[in-house]
1. Straight distance only, please: which lysines reach the Cα of residue A:67 with their own Cα at less than 30 Å, same-chain residues fewer than 8 apart left out?
2. Kindly point out which whole DSSP H helices in chain A project their C-alpha atoms 15 angstrom or further along the helix axis while averaging a Kyte-Doolittle hydropathy of 0.0 or above.
3. If one computes the Cα centroid of the stretch A:3-54 and of the stretch B:57-111, what distance in Å separates the two points?
4. Just counting partner chain Cβ atoms within 10 Å, what average do the residues of peptide B:116-124 show around their Cβ?
5. Under a no-solvent Debye model with one identical scatterer per Cα of the stretch B:63-148, what's log10 I(q)/I(0) at q = 0.16 Å⁻¹?
6. For the protein assembly as shown, count the residues as N, evaluate 2.2 N^0.38 Å, and divide the Cα radius of gyration by that value, please.
7. Given a Förster distance of 35 angstrom, what is the FRET efficiency for residue A:40 paired with residue B:49, based on the Cβ-Cβ distance and rounded to 0.05?
8. Which whole number gives the average, over all residues in A:90-98, of C-beta atoms from other chains lying within 10 Å of the residue C-beta?
Protein chains: 2
Amino acid sequence: MRVSTRFSDSIHILAFIDIYDQKKLSSEIIASSIETSPVVVRRLMGVLRENNLIATKKGTAEPRLSKSPKDITLLDVYLAVEGDKQLFTLDTSTNPDCIVGGNIQKVLGAYYEDAKMAALRKFNNISLQDVIETILVEQKAKEHRINN
Amino acid sequence: MRVSTRFSDSIHILAFIDIYDQKKLSSEIIASSIETSPVVVRRLMGVLRENNLIATKKGTAEPRLSKSPKDITLLDVYLAVEGDKQLFTLDTSTNPDCIVGGNIQKVLGAYYEDAKMAALRKFNNISLQDVIETILVEQKAKEHRINN
DNA sequence: TTTCGTGTAACTTTTTAAGTAACAAGAATA
DNA sequence: TATTCTTGTTACTTAAAAAGTTACACGAAA
């Protein structure tokens, strides 16, 4: 299938809202930064709103973060838009009458869960604030290279 | 998209080959354990062969592991069939003229790589032997429950 | 009251992998 | 040696999930 960019795009939206705080923040403007359609942005923002990461007002282009960027981790965003699904996919239809087919799901499932948790723990240690600050540092470095 | 079960199915194939070592091991028999088609099995076995994990002989139903199960890690299998692709997907088309769009790929890319490595390190610490032994233990436990 | 924008539904397109059909050619065997 | 089984491979179809598109009711603000 097409691979989901919801996680990346959601972090983008949140960083954008924080960085361009005082400006008009229509879904169209945000979409032009992500290079996608306004509807995709509004759909993602709907999910972020349901998960208490942003607050929006219908008809008004003024989305705001519900919490400080320090208090939003990448894991919060990931769980909001991707949910707690498998990261590595088990084949869930294997022959239960075979020694391998009848036991491999449980065995692999445990290893997959372990690997997934190792990755998600990393995301739980990165805040939106970290992302925003790093973006701003990269931007200054970029501008420095251009001027020298 | 449809989610790939190549990783799970490949481990299944390797465990099956090792456990049913002396028996006839046609792609049809293996496929019936995975509950898929023989062609899917042969395709995966082709990839496993290219990556030196198994040896096969055209026309003969006798695939064999190329190495001891102790010396095959889940990471070896993962890289063989999924490659070293992104685990978390960056949106690679963002507006380069925006502070966020112009820097987020690099910033998120680094965090994603970090999380991916945390997961893959786990897989590098699990051998096919671990998987096989755990399957056999689960099977004995299952039989014990049935007989008591 | 006009204009802009959100929220949402319905539908289409895109992408990727699995499933299916077909077949040449190697291996084993009666 | 003829038959049967099987692999390796190609080409095509189906399935599933997400992004893209169109449309529109309704809220907000000038």
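1. Qualifying lysines at Cα under 30 Å: A:23, A:24, A:57, A:58, A:85, A:116, A:122, A:140, A:142, B:106, B:116.
2. A:6-19, A:38-50
3. That distance is 27 Å.
4. Working: counts 5, 3, 9, 11, 3, 2, 9, 6, 0.
Partner Cβ neighbours, averaged per residue: 5.
5. Here the Debye-derived log intensity ratios amount to -0.78.
6. Working: Rg = 23.4 Å, N = 296, 2.2 N^0.38 = 19.1 Å.
For the protein assembly as shown, the normalised Cα radius of gyration is 1.22.
7. Values: r = 42 Å, r/R0 = 1.19.
Computed FRET efficiency for residue A:40 and residue B:49 comes out at 0.25.
8. Numbers: counts 5, 12, 3, 4, 8, 5, 2, 2, 11.
For peptide A:90-98, the averaged partner shielding equals 6.
A short reminder: the numbers here are calculations on the coordinates, not readings from a lab. It should be emphasised that the depicted structure is a prediction, and the values quoted were computed from it without experimental measurement. Please note: Cβ atoms are built from the backbone with ideal geometry, for glycine as well, and neighbour counts cover all protein chains shown.
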